[in-house]
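J.: Before we start, here is the structure in question, set down as C-alpha coordinates.
The values are calculated or read from the model by the stated rules, or taken from the named source; none is laboratory data. In this text, all values refer to a predicted model and were calculated from it rather than measured experimentally. Here the Cβ positions follow ideal geometry from the backbone for every residue, glycine too, while neighbour counts run over all protein chains shown.
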Amino acid sequence: MERIQRALEISRLQRPAQAAVAMAAAPAARSARVEPQAPPTELACYTINPGELRKRRVLLPQESGVAARAYRMLRAQLLQRARGGGLRVFGIVSAVSGEGKTLTAVNLALSLSAEPNQRVALVDFDLRHPSVAQTLGIAPSSGLETWLTSDRPVESVLCEIEGIERLCIAPTLAPLDASSETLATGRAGALLEEFKAADPESLVLIDLPPVLLGDDALTVAPLIDGFILVVTESKTRREDVERVLELLGRDRVIGTILNNSTESEQRAY
(Lines give C-alpha, C1' and ligand atoms only; values in the text may rest on other atoms or scores of the structure.)
Protein backbone atom coordinates (compact mmCIF):
# COMPACT_ATOMS: atom_id res chain seq x y z
CA MET A 1 0.00 0.00 0.00
CA GLU A 2 2.65 2.53 1.05
CA ARG A 3 4.78 1.84 -2.03
CA ILE A 4 2.02 2.77 -4.47
CA GLN A 5 0.94 5.75 -2.39
CA ARG A 6 4.49 7.10 -2.18
CA ALA A 7 5.10 6.51 -5.89
CA LEU A 8 1.88 8.28 -6.87
CA GLU A 9 2.66 11.23 -4.63
CA ILE A 10 6.17 11.55 -6.04
CA SER A 11 4.90 11.49 -9.62
CA ARG A 12 2.22 14.05 -8.80
CA LEU A 13 4.24 16.50 -6.72
CA GLN A 14 7.95 16.11 -7.37
CA ARG A 15 8.35 15.52 -11.12
CA PRO A 16 8.50 19.23 -12.14
CA ALA A 17 11.11 20.04 -9.49
CA GLN A 18 13.12 16.83 -9.41
CA ALA A 19 16.47 18.36 -10.37
CA ALA A 20 16.09 21.38 -8.09
CA VAL A 21 15.10 19.26 -5.12
CA ALA A 22 18.05 16.95 -5.61
CA MET A 23 20.51 19.87 -5.68
CA ALA A 24 19.00 21.54 -2.63
CA ALA A 25 18.95 18.33 -0.62
CA ALA A 26 22.53 17.31 -1.38
CA PRO A 27 24.28 19.22 1.48
CA ALA A 28 21.72 18.10 4.05
CA ALA A 29 21.95 14.51 2.90
CA ARG A 30 25.67 14.43 3.65
CA SER A 31 25.17 15.49 7.26
CA ALA A 32 21.85 13.80 8.08
CA ARG A 33 21.47 10.22 9.20
CA VAL A 34 19.65 8.18 6.56
CA GLU A 35 17.07 5.65 7.74
CA PRO A 36 17.48 2.10 6.37
CA GLN A 37 14.49 2.42 4.02
CA ALA A 38 14.26 1.98 0.26
CA PRO A 39 13.84 5.34 -1.50
CA PRO A 40 10.46 6.11 -3.09
CA THR A 41 10.23 5.21 -6.76
CA GLU A 42 8.93 7.63 -9.34
CA LEU A 43 6.60 6.03 -11.85
CA ALA A 44 7.76 5.76 -15.44
CA CYS A 45 6.17 8.43 -17.63
CA TYR A 46 5.61 8.02 -21.38
CA THR A 47 4.80 10.47 -24.13
CA ILE A 48 1.98 9.85 -26.57
CA ASN A 49 1.27 10.82 -30.16
CA PRO A 50 -2.15 12.52 -30.31
CA GLY A 51 -2.39 12.08 -34.07
CA GLU A 52 -1.79 8.35 -33.87
CA LEU A 53 -4.23 8.02 -31.00
CA ARG A 54 -6.98 9.69 -33.03
CA LYS A 55 -6.46 7.07 -35.74
CA ARG A 56 -7.13 4.43 -33.08
CA ARG A 57 -10.22 6.38 -31.88
CA VAL A 58 -8.59 7.14 -28.55
CA LEU A 59 -10.12 10.33 -27.11
CA LEU A 60 -7.84 12.56 -25.07
CA PRO A 61 -9.46 14.62 -22.28
CA GLN A 62 -9.44 17.84 -24.31
CA GLU A 63 -11.23 16.28 -27.29
CA SER A 64 -14.65 17.53 -28.40
CA GLY A 65 -17.32 16.00 -30.59
CA VAL A 66 -20.10 13.48 -30.25
CA ALA A 67 -17.99 10.56 -29.00
CA ALA A 68 -16.17 12.71 -26.43
CA ARG A 69 -19.48 14.05 -25.12
CA ALA A 70 -20.82 10.51 -24.89
CA TYR A 71 -17.84 9.46 -22.75
CA ARG A 72 -18.32 12.48 -20.51
CA MET A 73 -21.93 11.46 -20.01
CA LEU A 74 -20.76 7.93 -19.23
CA ARG A 75 -18.21 9.37 -16.80
CA ALA A 76 -20.89 11.38 -15.00
CA GLN A 77 -23.15 8.35 -14.69
CA LEU A 78 -20.33 6.13 -13.45
CA LEU A 79 -19.20 8.67 -10.85
CA GLN A 80 -22.77 9.02 -9.65
CA ARG A 81 -23.05 5.28 -9.17
CA ALA A 82 -19.59 5.01 -7.62
CA ARG A 83 -20.00 7.82 -5.12
CA GLY A 84 -23.57 6.97 -4.29
CA GLY A 85 -22.95 3.27 -3.75
CA GLY A 86 -19.36 3.20 -2.52
CA LEU A 87 -18.18 1.35 -5.63
CA ARG A 88 -14.46 1.54 -6.47
CA VAL A 89 -13.48 -1.27 -8.85
CA PHE A 90 -15.14 -1.72 -12.25
CA GLY A 91 -14.56 -4.43 -14.82
CA ILE A 92 -14.98 -3.61 -18.52
CA VAL A 93 -16.18 -6.76 -20.29
CA SER A 94 -17.70 -8.04 -23.50
CA ALA A 95 -19.33 -11.29 -24.49
CA VAL A 96 -16.84 -12.16 -27.24
CA SER A 97 -13.83 -10.51 -28.91
CA GLY A 98 -13.97 -7.53 -31.23
CA GLU A 99 -16.59 -5.56 -29.27
CA GLY A 100 -14.30 -2.63 -28.39
CA LYS A 101 -13.97 -3.22 -24.65
CA THR A 102 -10.31 -2.16 -24.46
CA LEU A 103 -10.93 1.06 -26.35
CA THR A 104 -13.89 1.72 -24.07
CA ALA A 105 -11.76 1.11 -20.97
CA VAL A 106 -9.01 3.43 -22.23
CA ASN A 107 -11.36 6.24 -23.24
CA LEU A 108 -13.35 6.01 -20.04
CA ALA A 109 -10.15 6.11 -17.96
CA LEU A 110 -8.93 9.18 -19.85
CA SER A 111 -12.28 10.89 -19.38
CA LEU A 112 -12.32 10.11 -15.66
CA SER A 113 -8.80 11.50 -15.26
CA ALA A 114 -10.04 14.87 -16.54
CA GLU A 115 -12.46 15.14 -13.63
CA PRO A 116 -10.91 17.39 -10.94
CA ASN A 117 -9.95 15.55 -7.74
CA GLN A 118 -10.62 12.16 -9.32
CA ARG A 119 -7.77 9.70 -9.73
CA VAL A 120 -8.17 6.53 -11.75
CA ALA A 121 -6.08 3.42 -12.30
CA LEU A 122 -6.38 1.46 -15.54
CA VAL A 123 -5.41 -2.20 -15.13
CA ASP A 124 -4.94 -4.62 -18.03
CA PHE A 125 -6.07 -8.01 -16.74
CA ASP A 126 -6.69 -9.38 -20.22
CA LEU A 127 -3.68 -11.60 -19.78
CA ARG A 128 -4.37 -13.68 -22.88
CA HIS A 129 -4.56 -10.77 -25.32
CA PRO A 130 -3.32 -7.62 -23.55
CA SER A 131 -3.70 -4.44 -25.58
CA VAL A 132 -4.01 -1.40 -23.30
CA ALA A 133 -0.39 -0.33 -23.85
CA GLN A 134 -0.69 -0.90 -27.60
CA THR A 135 -3.91 1.11 -27.75
CA LEU A 136 -2.21 4.01 -25.98
CA GLY A 137 0.90 3.70 -28.14
CA ILE A 138 3.30 3.28 -25.23
CA ALA A 139 6.05 0.70 -24.78
CA PRO A 140 6.83 0.12 -21.09
CA SER A 141 9.86 -1.99 -20.21
CA SER A 142 7.86 -4.43 -18.09
CA GLY A 143 4.25 -5.28 -17.37
CA LEU A 144 1.92 -7.08 -15.02
CA GLU A 145 2.85 -10.45 -16.47
CA THR A 146 6.25 -10.08 -14.80
CA TRP A 147 4.86 -8.78 -11.49
CA LEU A 148 2.13 -11.42 -11.20
CA THR A 149 4.69 -14.20 -11.52
CA SER A 150 7.57 -12.75 -9.48
CA ASP A 151 8.36 -10.79 -6.34
CA ARG A 152 9.19 -7.51 -8.07
CA PRO A 153 7.93 -4.28 -6.44
CA VAL A 154 4.56 -3.29 -7.86
CA GLU A 155 5.58 0.25 -8.72
CA SER A 156 8.10 -1.16 -11.21
CA VAL A 157 5.25 -2.07 -13.58
CA LEU A 158 3.13 1.06 -13.14
CA CYS A 159 3.36 4.04 -15.46
CA GLU A 160 1.84 7.38 -16.34
CA ILE A 161 1.27 9.41 -19.49
CA GLU A 162 2.91 12.77 -19.89
CA GLY A 163 0.34 15.55 -19.70
CA ILE A 164 -2.42 13.30 -18.35
CA GLU A 165 -2.80 13.93 -14.65
CA ARG A 166 -4.50 11.60 -12.17
CA LEU A 167 -4.17 8.49 -14.36
CA CYS A 168 -2.03 5.49 -13.39
CA ILE A 169 -1.69 2.55 -15.76
CA ALA A 170 -0.85 -1.06 -14.95
CA PRO A 171 -0.22 -2.56 -18.41
CA THR A 172 0.31 -6.16 -19.42
CA LEU A 173 2.75 -6.55 -22.29
CA ALA A 174 3.00 -10.27 -23.06
CA PRO A 175 0.26 -12.92 -22.96
CA LEU A 176 0.22 -15.60 -20.29
CA ASP A 177 -0.99 -19.12 -21.06
CA ALA A 178 -2.16 -19.91 -17.53
CA SER A 179 -4.04 -16.64 -17.25
CA SER A 180 -6.92 -17.62 -14.96
CA GLU A 181 -4.59 -19.60 -12.70
CA THR A 182 -2.32 -16.57 -12.44
CA LEU A 183 -5.25 -14.29 -11.57
CA ALA A 184 -6.33 -16.75 -8.88
CA THR A 185 -3.04 -16.67 -6.96
CA GLY A 186 -4.00 -13.68 -4.82
CA ARG A 187 -1.56 -11.25 -6.40
CA ALA A 188 -4.37 -9.74 -8.49
CA GLY A 189 -6.43 -9.02 -5.41
CA ALA A 190 -3.42 -7.59 -3.61
CA LEU A 191 -2.82 -5.17 -6.48
CA LEU A 192 -6.39 -3.89 -6.41
CA GLU A 193 -6.30 -3.51 -2.64
CA GLU A 194 -3.10 -1.49 -2.89
CA PHE A 195 -4.68 0.84 -5.43
CA LYS A 196 -7.74 1.32 -3.24
CA ALA A 197 -5.67 1.92 -0.11
CA ALA A 198 -3.23 4.30 -1.82
CA ASP A 199 -6.01 6.79 -2.57
CA PRO A 200 -9.40 6.40 -0.87
CA GLU A 201 -11.09 8.45 -3.61
CA SER A 202 -9.59 6.69 -6.62
CA LEU A 203 -11.41 4.38 -9.02
CA VAL A 204 -9.99 1.29 -10.69
CA LEU A 205 -10.98 0.26 -14.22
CA ILE A 206 -10.04 -3.25 -15.30
CA ASP A 207 -9.90 -4.40 -18.90
CA LEU A 208 -10.96 -8.05 -18.74
CA PRO A 209 -11.10 -10.84 -21.34
CA PRO A 210 -14.41 -11.64 -23.06
CA VAL A 211 -16.66 -13.43 -20.59
CA LEU A 212 -17.73 -16.24 -22.93
CA LEU A 213 -14.23 -17.10 -24.17
CA GLY A 214 -12.62 -18.14 -20.90
CA ASP A 215 -12.95 -18.18 -17.13
CA ASP A 216 -10.67 -15.20 -16.37
CA ALA A 217 -13.48 -12.68 -15.78
CA LEU A 218 -15.27 -15.10 -13.47
CA THR A 219 -12.02 -15.74 -11.59
CA VAL A 220 -11.62 -12.08 -10.61
CA ALA A 221 -15.35 -11.34 -10.35
CA PRO A 222 -15.32 -11.48 -6.51
CA LEU A 223 -12.78 -8.62 -6.51
CA ILE A 224 -14.94 -6.32 -8.64
CA ASP A 225 -17.74 -4.02 -7.47
CA GLY A 226 -19.54 -3.75 -10.81
CA PHE A 227 -19.24 -4.60 -14.48
CA ILE A 228 -19.75 -2.49 -17.60
CA LEU A 229 -20.78 -4.61 -20.58
CA VAL A 230 -19.69 -3.48 -24.04
CA VAL A 231 -21.87 -4.60 -26.96
CA THR A 232 -21.82 -3.80 -30.67
CA GLU A 233 -24.88 -2.92 -32.68
CA SER A 234 -25.79 -5.53 -35.33
CA LYS A 235 -23.03 -7.83 -34.07
CA THR A 236 -23.55 -8.85 -30.45
CA ARG A 237 -26.07 -11.66 -30.16
CA ARG A 238 -28.92 -11.38 -27.69
CA GLU A 239 -28.29 -14.88 -26.37
CA ASP A 240 -24.65 -13.98 -25.67
CA VAL A 241 -25.73 -10.96 -23.63
CA GLU A 242 -28.17 -13.10 -21.68
CA ARG A 243 -25.44 -15.63 -20.97
CA VAL A 244 -23.06 -12.92 -19.72
CA LEU A 245 -25.75 -11.52 -17.42
CA GLU A 246 -26.38 -15.00 -16.11
CA LEU A 247 -22.71 -15.68 -15.44
CA LEU A 248 -21.82 -12.34 -13.86
CA GLY A 249 -25.16 -11.68 -12.17
CA ARG A 250 -27.65 -9.16 -13.50
CA ASP A 251 -27.39 -6.97 -10.43
CA ARG A 252 -23.63 -6.70 -10.84
CA VAL A 253 -23.75 -5.39 -14.42
CA ILE A 254 -24.29 -1.71 -13.68
CA GLY A 255 -24.46 -0.55 -17.31
CA THR A 256 -24.15 -1.41 -20.99
CA ILE A 257 -22.29 0.53 -23.67
CA LEU A 258 -23.46 0.28 -27.28
CA ASN A 259 -20.71 0.64 -29.88
CA ASN A 260 -21.19 1.48 -33.57
CA SER A 261 -24.64 2.90 -32.95
CA THR A 262 -26.54 4.11 -36.01
CA GLU A 263 -28.40 6.74 -33.98
CA SER A 264 -28.08 10.33 -35.18
CA GLU A 265 -25.64 12.74 -33.53
CA GLN A 266 -28.54 14.51 -31.83
CA ARG A 267 -29.32 11.26 -30.02
CA ALA A 268 -25.73 10.15 -29.41
CA TYR A 269 -25.98 10.92 -25.72
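J.: For the stretch 185-197, give me each residue that is of a type outside the set (D, E) and not in a loop (DSSP other than H, G, I, E, B).
T.: R187, A188, G189, A190, L191, L192, F195, K196, A197
J.: If F227 meets every condition in (1) touching a residue at least 12 places away in the same chain (Cβ under 8 Å); (2) in a helix (DSSP H, G or I) apart from one, which number is that one?
T.: Of the numbered conditions (1) touching a residue at least 12 places away in the same chain (Cβ under 8 Å); (2) in a helix (DSSP H, G or I), the odd one out for F227 is (2).
J.: If you don't mind, there's one more thing I want to ask. Which number in (1) in contact with a strand residue (DSSP E or B) (Cβ under 9 Å, 6 or more places away or on another chain); (2) farther than 18 Å from V106 by Cβ marks the one condition that P210 misses?
T.: The failed condition is (2).
J.: Here is a further query. Considering only the stretch 178-213, state which residues are of a type in the set (S, T, N, Q) and either surrounded by 21 or more Cβ atoms within 10 Å (Cβ to Cβ) or within 15 Å of the chain's Cα centre (by Cα) (or both).
T.: Those that are of a type in the set (S, T, N, Q) and either surrounded by 21 or more Cβ atoms within 10 Å (Cβ to Cβ) or within 15 Å of the chain's Cα centre (by Cα) (or both): S179, S202.
J.: Still on this model: Which residue out of S150, S131, S141 is surrounded by fewer than 20 Cβ atoms within 10 Å (Cβ to Cβ), within 30 Å of G65 (Cα to Cα) and small (G, A, S)?
T.: Of the residues listed, the single one that is surrounded by fewer than 20 Cβ atoms within 10 Å (Cβ to Cβ), within 30 Å of G65 (Cα to Cα) and small (G, A, S) is S131.
J.: Taking the stated definitions as given, is T236 surrounded by 16 or more Cβ atoms within 10 Å (Cβ to Cβ), in a loop (DSSP other than H, G, I, E, B), at negative phi and within 14 Å of the chain's Cα centre (by Cα)?
T.: no
J.: Further question: Filtering the stretch 78-119 down to residues that are hydroxyl-bearing (S, T, Y) and either in contact (Cβ under 8 Å) with a residue 60 or more places away in the chain or in contact with a Ser or Thr (Cβ under 7 Å, 6 or more places away or on another chain) (or both), which residue is surrounded by the fewest Cβ atoms within 10 Å (Cβ to Cβ)?
T.: Result: S97.
J.: Would you point out which residue out of T182, T146, T172, T135 is in a helix (DSSP H, G or I) and closer than 28 Å to G51 by Cα?
T.: Selected residue: T135, the only one of T182, T146, T172, T135 that is in a helix (DSSP H, G or I) and closer than 28 Å to G51 by Cα.
J.: Further question: Just for the stretch 163-181: of the residues that are modelled with pLDDT under 95 and out of contact with any helix residue (DSSP H, G or I) (no Cβ under 8 Å at 6 or more places or on another chain), which one is farthest from P130 (Cα to Cα)?
T.: Applying the filter and picking the extreme gives G163.
J.: Now, a different point. Kindly evaluate A268 against the criterion of being of a type outside the set (V, I, T) and at pLDDT below 95.
T.: Yes.
J.: Moving on. Is it fair to say R166 is assigned to a loop (DSSP other than H, G, I, E, B) and either basic (K, R) or surrounded by fewer than 24 Cβ atoms within 10 Å (Cβ to Cβ) (or both)?
T.: Considered against the rule, which asks whether it is assigned to a loop (DSSP other than H, G, I, E, B) and either basic (K, R) or surrounded by fewer than 24 Cβ atoms within 10 Å (Cβ to Cβ) (or both), R166 comes out as no.
J.: Within the stretch 146-176, can you find the residues that are over 22 Å from L60 (Cβ atoms) and in contact (Cβ under 8 Å) with a residue 40 or more places away in the chain?
T.: W147, L148, P153, V154, E155, S156, T172, L173, A174, P175, L176
J.: Do we find a residue being of a type outside the set (S, T, Y), touching a Pro at 6+ places or on another chain (Cβ under 7 Å) and touching a residue at least 12 places away in the same chain (Cβ under 8 Å) anywhere in the stretch 185-204?
T.: Within the stretch 185-204, not a single residue is of a type outside the set (S, T, Y), touching a Pro at 6+ places or on another chain (Cβ under 7 Å) and touching a residue at least 12 places away in the same chain (Cβ under 8 Å).
J.: If I ask for residues that are assigned to a helix (DSSP H, G or I), within 18 Å of V204 (Cα to Cα), small (G, A, S) and in contact with a Leu (Cβ under 7 Å, 6 or more places away or on another chain), which ones from the stretch 53-94 would you list?
T.: If the condition is that a residue be assigned to a helix (DSSP H, G or I), within 18 Å of V204 (Cα to Cα), small (G, A, S) and in contact with a Leu (Cβ under 7 Å, 6 or more places away or on another chain), then A82 is the only one that fits.
J.: Same structure again: Given the condition among the aromatic types (F, W, Y) and either in contact with a His (Cβ under 6 Å, 6 or more places away or on another chain) or modelled with pLDDT of 95 or more (or both), answer yes or no: does some residue in the stretch 89-104 qualify?
T.: yes
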